[in-house]
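FYI, it's all coordinate maths here, none of it is from the lab. Computed from a predicted structure; not experimentally measured. Ideal geometry is used to build each Cβ from the backbone, glycine not excepted, and the neighbour counts take in all protein chains shown.
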């Protein structure tokens, strides 16, 4: 549940922030949500990754549909991804996902460092 | 442990984000670039295109309406000319902003700011050639005609209004790829655009090459191989024209040539094959009894396309045609009364002078026995990556030192008409509103550079003026390098405008030009330059033969692939072939070319065989030139094709057919046969490599490159017919950049097509949608409206623009 909320929050808030802020604002959003939600390191990364992977992937997919693949085909020749628009959408989503995940993971580590008690508790539970 | 892990992770995240935002050369900043919110995905234009129905543009004085037709041609309806031009600036920027700015950056020698050090040499060449200096001088001249300068400012205002409306997410794709932002547009940039046109079109000279070639061959051989007039030519102004004026007298000039033309490094040659066709047919020669005007300017092709099509309508103006992005008004087109078209004039208006410096410090040069100081202008290059380079350019009475040699005694000054202040925009703005012959001839009389053949038609008249500013020259002046030693070696003035070659309503019922000589040799002024005869002769033959001309005939002539060059060369080549020496395979190739009808059709094998054969024959004939040219610092001129063919016809035993590398004495027969065997080898290599039989369309392989040479945006695999010596003058890199046919009647009946499309965005379906139509020789009917017909079925988008 926490994972789902974290993912939705990161996706929704960075969707809003990117309307008027630079693309990297999503890293800050992911960081803050990662901090607040306090998921474990890897879970936090996954949540951030998934949020932006889906956000960027779906948006790129929608733009590509409206464009009937004209630009994506050209760009996928340039980058080079053998002219395959779907591959380009996946690469776009993965790059976005990577920074989203890094932001969220950093946030979660930050929280663990700032409030050692909670992390100790977790350690104990694990032990 | 925890703070350590956190800090490492934080640094890593910030580092990755930073790299993805700033990029590592040559990769674009991937995060910024791939983000669907701000990056390239934003340029994936909806195929179901729409623009805001209501728009506000600062600076307009009244409301404007823009209707876009189904080919994305804007039709601008404004209340006055200034508003129309301002909107033209805005709409052109909307479709072509990156192209306009990139082209002007290139002319201004600023590409290294965007691309880096590897283009610095090219940047320096442009500035040494005085491109910016010339543009500044022109701009000062424009300011002297306030009623036209206000229009140039309005055009800039329109462009800037568009630039200011953009957020980084809206920037054209190429800005994102190269990671920079558009800057403010200024009237100087329009002046730079026109300098670039002059650089493409008004630089037909071979001064260094002719000097070296003459010194090497000797005067007699040079004059034999390089006659200035082709006896078979069909000049633009027919030989029957009488020159009923007293030519301006030439003062004494000193044509002293330097000792030799060897330079420390070669400078770039103007590419061959730039040319164009235009003609106008009188009413009595057409089936419908209406005059027809046609034009197809040939240029090195690129995307975004060279031309931008539009209509502009005000209560005082209604004009349709193509414009140059970056320059206000319409360059080639028609209005409700007249139509006009342009081809380039080959006259040499650029001369090189060797400098006589006092010493190697270049601080003083000799002029009429005195020493003068050159003006120095320090040029600064801010290279991408932070480095700054400075270079001094020297300006003299003979122009800028455009060629700075390792040996200052070989420095060359560049005297070029394009540097002289002139008003290059008013003539077109006036022409756009011209109603008859008198308006047309008055409008173009001020046009100076690049000189053009202005074909004209109205319902009543047809005419053609060879219009530009032409230096007065003594025989052979400007054909070779000259010593810059004083007033006597400078140009003595210019040919009076009214003496420029022109013709109105000639008896033959048509006017035409295709870059051949302007006149027969009896024209009382000397000129030299770069001219081509084959297309002009062919066009004149076809027009003469037909007295019931239709629009369809004219389209067919623009797309005519018949080459007189092939028709004259091939029978002579075939005559020399020794069939007994050929293998079975070689005989097969010969058979294919023997039956050829000299039509460069894409589906045939013969044009490719002939082309390769002729080129080999040419290179083997002039083998002495090719081996001499390989010597350091030597740049030669080569005999023209017609002269080569004439030699083959009249003197097959001539010494030039002897091969320098062999001890035997060859004649034309040996050269032709050797060339044919080389051709058969080349064809089989090509066929093996391409894995298909030779076919002209594949061999020609017309490719339209992206302006910044981005391969993924290049238009290739274009299946094209034609040849540079046929009216449909296609090559692998250039060709008809706009084809237009206008039948002049009560209603204008006009057709046009160009390669590429209206949008400069590689993510738009309008980027290259005209290309296949263009390659197959089809035309679009042009939508010319007298008033804003919002409900016209061809209108797809309507925009209301308020002030």
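Other protein chain C-beta atoms within 10 Å of residue C-beta, averaged over B:6-16: 6.
Residues B:803, B:176, B:692, ranked from the fewest to the most other C-beta atoms within 10 Å, line up as B:692, B:803, B:176. Projected onto their three principal axes, the Cα atoms of region B:198-270 cover extents of 47, 31, 30 Å, largest first. Summing -39500 (n - 2.57) over the DSSP H runs of n ≥ 4 in chain A and dividing by its residue number, what mean residue ellipticity at 222 nm do you reach, to the nearest 500 deg cm²/dmol? Helices in chain A give a 222 nm mean residue ellipticity of -29000 deg cm²/dmol.
Let's test the formula: R0 of 51 Å, r as the Cβ-Cβ distance of residue B:359 and residue B:643. What FRET efficiency results, to the nearest 0.05? In this case the efficiency is close to 0.75.
Peptide A:102-111 shows a mean partner chain C-beta count of 5 within 10 Å per residue C-beta. Over region B:242-352, the alpha carbon radius of gyration divided by the compact-protein estimate 2.2 N^0.38 Å works out to 1.60. The Rg/Rh ratio for region B:1-128, using Cα coordinates for both the radius of gyration and the Kirkwood hydrodynamic radius, is 1.16. Computed across region B:445-502, the Kirkwood radius stands at 13.5 Å (inverse of mean 1/r, all Cα pairs). As a calculated quantity, the FRET efficiency between residue B:719 and residue A:21 at R0 = 56 Å, using C-beta atoms, amounts to about 0.70. Inverting the pair-averaged 1/r between distinct Cα atoms of region A:2-126 gives 15.1 Å as its Kirkwood hydrodynamic radius.
Relative to the longest principal axis of the Cα atoms of chain A, helix A:25-37 runs at roughly 30 degrees. Treating the angle as unsigned and between 0 and 90°, give the value, to the nearest 10°, between the Cα long axis of helix A:2-20 and the longest Cα principal axis of chain A. The answer is roughly 50 degrees.
Peptides B:500-508, B:130-138, B:95-103 ranked from most to least packed, by the mean per-residue count of other Cβ atoms within 10 Å: B:95-103, B:130-138, B:500-508. Tell me the label-point distance for the pair residue B:167, residue A:86, using the 7 Å Cα-to-Cβ offset, in nm and rounded to one decimal. Going by the 7 Å Cα→Cβ label model, 3.3 nm. Dividing the radius of gyration of the alpha carbons in region B:68-178 by their Kirkwood radius gives 1.03 for Rg/Rh.
Working ranking of peptides B:83-92, B:771-780, B:379-388 by packing, defined as the average number of other Cβ atoms within 10 Å per residue, highest first, is B:83-92, B:771-780, B:379-388. Evaluating kT/(6 pi eta Rh) at 20 °C and 1.002 mPa s, with the Kirkwood radius of the protein assembly as shown over Cα pairs in the Stokes-Einstein relation, gives 69 µm² s⁻¹.
As a proxy for reagent exposure, B:122, B:537 were ordered by neighbouring Cβ count within 10 angstrom, fewest first; the result is B:122, B:537. Using alpha carbons only, how many degrees (0 to 90, rounded to 10) separate the axis of helix A:41-66 from the longest principal axis of chain A? Around 20 degrees separate the two axes.
Between residue B:591 and residue B:121, the contour length at 0.36 nm per residue exceeds the alpha carbon distance by 164.3 nm. Calculated [222 nm] ellipticity per residue, helices only, for chain B: -10000 deg cm²/dmol; basis is -39500 (n - 2.57) per DSSP H run with n ≥ 4, divided by all residues, nearest 500. Peptide A:48-55 has a mean of 0 when you count, residue by residue, the C-beta atoms of other protein chains within 10 Å of its C-beta.
Spacing of the modelled spin labels on residue A:42 and residue B:583, each 7 Å from Cα toward Cβ, amounts to 6.8 nm. At q = 0.06 Å⁻¹ the log10 of I(q)/I(0) for chain B amounts to -0.41, computed by Debye summation with a single uniform scatterer per C-alpha, solvent ignored. May I ask for log10 I(q)/I(0) of region B:564-700 at q = 0.13, 0.17, 0.22 Å⁻¹, from a Debye sum over the Cα atoms as equal point scatterers with solvent left out? Listed by q, the Debye log ratios stand at -0.58, -0.96, -1.38. Listed from fewest to most Cβ neighbours within 10 Å, the set B:276, A:14 follows the order B:276, A:14.
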